[in-house]
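Take a look at the structure below.
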Amino acid sequence: MTTIQQLFDRDISRQIQEVIKVDQQDDAVVISEIEEYVATDAIKRSFASVLEAYAEVPNKPRDRMAVWVSGFFGSGKSSFAKLLGAAVGNRDLQGKSASKRVADQFGDGRVSVVLERISQRMPTEVVIFDLATDAGVRNANQKLTEIIYRQLLEHLGYARDLD
């Protein structure tokens, strides 16, 4: 007799995080999030589209380059942004690059090719944070550029105090 557990590829009693925190960067957590991610065809197209635009910047410099991820609560914004950051940041995750892990999980040739091109030609430093939960966001009147600049300073090991 077949049990429910036998119908699944992975252990159904494993812990799966209910909420993805973009600032949680522990290797084991990031690996788990990549391995648990299920990319639909629409997500793969969107992911590849963002990566292709990013990969073109050295050939066609622009004065503006940013990615704004928006959507309803629970729609996957944090997961998408975190995987995108992991993929282009391409840090080593327990002996395997993040971009390779993401490409393998997506199983999409277009994503794999662009990630390979980015990792070879465009070393990228990723600063990722959640505006809604960042302790440095003091009030609604703060300029977005100031918030981002403070995050960059902190990421690089400098004081967040602009004074």
*Would you mind stating whether Glu154 is modelled with pLDDT under 90, touching a His at 6+ places or on another chain (Cβ under 9 Å) and open to solvent by 50 Å² or more (accessible area, probe 1.4 Å)?*
no
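Restricted to the stretch 42-98, and to residues that are acidic (Asp, Glu) and either open to solvent by less than 90 Å² (accessible area, probe 1.4 Å) or at positive phi (or both), which residue is modelled with the lowest pLDDT? Quick ask: steps written out before the conclusion?
Quick first cut of the stretch 42-98, residues acidic (Asp, Glu) only: 52, 56, 63, 92.
The next check asks that each one be either open to solvent by less than 90 Å² (accessible area, probe 1.4 Å) or at positive phi (or both); those that pass are 52, 56.
On the way: Glu52: 93, Glu56: 90.
That would be Glu56.
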_Give all pairs with beta carbons closer than 8 Å in which a residue from the stretch 1-20 that is without any contact (Cβ under 8 Å) to a residue 60 or more places away in the chain meets a residue that is surrounded by 10 or more Cβ atoms within 10 Å (Cβ to Cβ) and in a loop (DSSP other than H, G, I, E, B); count only pairs at least 6 apart in sequence or on separate chains._
Ile4/Ile12; Gln5/Ile12
*Could you say which residue among Glu33, Glu52 is within 21 Å of Phe129 (Cα to Cα) and assigned to a helix (DSSP H, G or I)?*
Glu33
*Restricting attention to the stretch 29-56, which residues are without any contact (Cβ under 8 Å) to a residue 40 or more places away in the chain and not hydroxyl-bearing (Ser, Thr, Tyr)?*
Val29, Glu36, Val38, Asp41, Ala42, Ile43, Arg45, Val50, Ala53, Glu56
_Those residues of the stretch 16-41 which are of a type in the set (Val, Ile, Thr) and surrounded by 13 or more Cβ atoms within 10 Å (Cβ to Cβ), in sequence order_ = Ile20, Val22, Val29, Val30, Ile31, Ile34
*When you look at Ser13, is it over 24 Å from Leu131 (Cα atoms) and either open to solvent by less than 70 Å² (accessible area, probe 1.4 Å) or of a type outside the set (A, V, I, L, M, F, W, C) (or both), yes or no?*
yes
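The values are calculated or read from the model by the stated rules, or taken from the named source; none is laboratory data. This one's a predicted model, so the numbers in the text were calculated from it and none came from an experiment. Note: ideal-geometry Cβ built from the backbone for every residue, glycine included; neighbour counts use all protein chains shown. Please note that ligands, DNA and RNA were not included when accessible areas were found on the heavy atoms of the full protein model with its side chains. Shrake-Rupley method; radii C 1.70, N 1.55, O 1.52, S 1.80 Å.
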